[in-house]
1. How far, in degrees from 0 to 90, does helix 96-117 lean away from the longest principal axis of the Cα atoms of the chain, to the nearest 10?
2. Mind scanning 195/342; 157/342; 165/342; 2/84; 84/342 and naming the pairs with a C-alpha gap bigger than 24 Å?
3. Extension gain residue 354-residue 76, at 0.36 nm per residue separation less the Cα-Cα distance, in nm?
4. At R0 = 22 Å, how high is the FRET efficiency between residue 203 and residue 147 if r is their beta carbon distance? Nearest 0.05 is fine.
5. Which GluC sites (Glu not before Pro) from segment 141-222 combine a DSSP loop assignment with at most 13 other Cβ atoms within 10 Å?
6. Please turn the phi angles of segment 323-332 into ³J(HN,Hα) values with the Karplus equation 6.51 cos²θ - 1.76 cosθ + 1.60 (θ = phi - 60°), one per residue in order, whole Hz, x for glycine and proline.
7. How large is the accessible surface per residue of segment 5-157, computed with a 1.4 Å probe and reported in Å² as a whole number?
8. Give the carbon-plus-sulfur fraction of the accessible surface of the chain in %, rounded to a whole number; probe 1.4 Å, heavy atoms of protein chains only.
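The values are calculated or read from the model by the stated rules, or taken from the named source; none is laboratory data. Bear in mind that the values here come from a model prediction, so they are computed numbers and not experimental data. Here the Cβ is made from the backbone with ideal geometry for all residues, glycine too, and neighbour counts use every protein chain on show. These accessible areas exclude ligands, DNA and RNA; they are computed on the full protein's heavy atoms, side chains included. Shrake-Rupley method; radii C 1.70, N 1.55, O 1.52, S 1.80 Å.
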Amino acid sequence: MKISGIRSSIVALPADEPLADAAENPNATRPIVTLQIETDEGVVGLGVTYFGGALTGALRSAVDELGALMVGEDPLCVEAVAAKLRAAAGSAGPGGIFNLAHSALDTALWDIRGKALNLPLWKLLGGARERVPTYASGALMRGLSLDRVVAAAARLKERGFREMKTQLALPGETSPAKEVERVRRVREAIGPDIKLMCDINQRWRVEQAIDIGRRVEDAGVGLFWLARATATLSTPVAGGEYVWGIVPFRHMVERHSVDIVMIDLVRVGGITQWIKVAGMAEAFNLPVVSHLIPEVHVHLIGAVPNGLTVEYMPWLMRLFEEVPRPQNGELAMPTAPGLGLKFDQATIDRYRVA
């Protein structure tokens with residue numbers, strides 16, 4: 001089997017929030033690059049990438065130019081293809097647009113591999129379990145008013161989520177008291193049994209994380225995880241979603257900077273790199289969690305023995321004909337070969353901008 005060509009497009013999906021109907025800005029859009037890698041045997045692999053912002057056109061160009069270098073290669077030899085692309089990119093990577101583009105290409109190659117072997121990706125990569133926990137994300141954002149975030153949290157509980165994530169580091173004028181009050185009200189709305197995570201997105205300094213983290217602990221909120229200051233707080237610390245490539249993860253785990261390793265598929269550089277980081281975390285007896293794109297991450301968390309939970313933030317749900325959906329706080333492993341995903345052509349046609 002040989003790669004015969006690629007097709008890409010840019011779509012601008014509505015920035016909706018389907019889990020609790022709590023969009024921060026319903027008029028905004030999210031630019032996404034879609035990709036299909038074709039082979040001479042008719043097997044087609046799909047991938048997506050994002051985080052391009054105003055540079056999404058440049059990101060698509062990177063996908064196209066790197067993809068053109070793959071034509072004629074064996075799609076099952078993912079490491080050989082990756083080595084060729086890294087060499088061709090010179091000092092443009094690792095990191096940045098190179099990683100974002102390579103992630104989509106690598107994901108599509110794994111989709112082809114699964115389809116060629118007639119195996120769903122999670123089984124191909126290890127097959128650790130048939131169901132995985134999942135948590136609601138993207139519904140309890142810091143831009144919502146206190147009343148809206150409390151109502152959204154209650155709605156998530158009503159809709160069957162057993163785990164959910166909120167945000168602190170509030171915009172505008174804030175204080176430790178306001179931060180603690182917000183998360184305390186969310187906890188009251190969902191009760192004591194729901195696992196509640198908190199994301200601060202690198203907005204606090206270390207001393208702020210320690211101060212507010214301790215106040216949250218003293219208030220009895222009971223967070224499942226927070227970010228930063230792992231040696232100081234009893235709350236487990238998660239981090240890694242903004243890390244590029246695999247080497248920084250080594251630094252994080254060697255220095256015991258995190259208790260839970262969060263791996264972003266797009267920034268790490270694709271499925272090949274994601275699995276390497278998961279193995280590195282396992283060597284340190286650390287669990288891994290995902291960031292965004294649950295449609296792919298369900299396979300990865302389900303494949304590895306230290307997969308903890310899948311972030312269910314279905315921003316790309318419209319792109320696909322069918323996606324895994326939570327049932328009683330869990331996701332069942334897909335059964336179709338590869339990723340088990342098909343692009344919804346009507347959606348791509350409707351929202352395509354390039």
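1. Helix 96-117 sits roughly 70 degrees off the main axis of the chain.
2. The pairs that break the limit, which is 24 Å between Cα atoms, are 195/342; 157/342; 165/342; 84/342.
3. In short, 97.1 nm is gained.
4. The computed FRET efficiency comes out at 0.50.
5. Sparse-neighbourhood loop GluC sites (Glu not before Pro): 173.
6. Coupling constants for segment 323-332: 9, x, 10, x, 9, 6, x, 9, 10, 7 Hz.
7. Accessible surface, normalised per residue, equals 39 Å².
8. Ligands and nucleic acids excluded, carbon and sulfur reach 50 percent.
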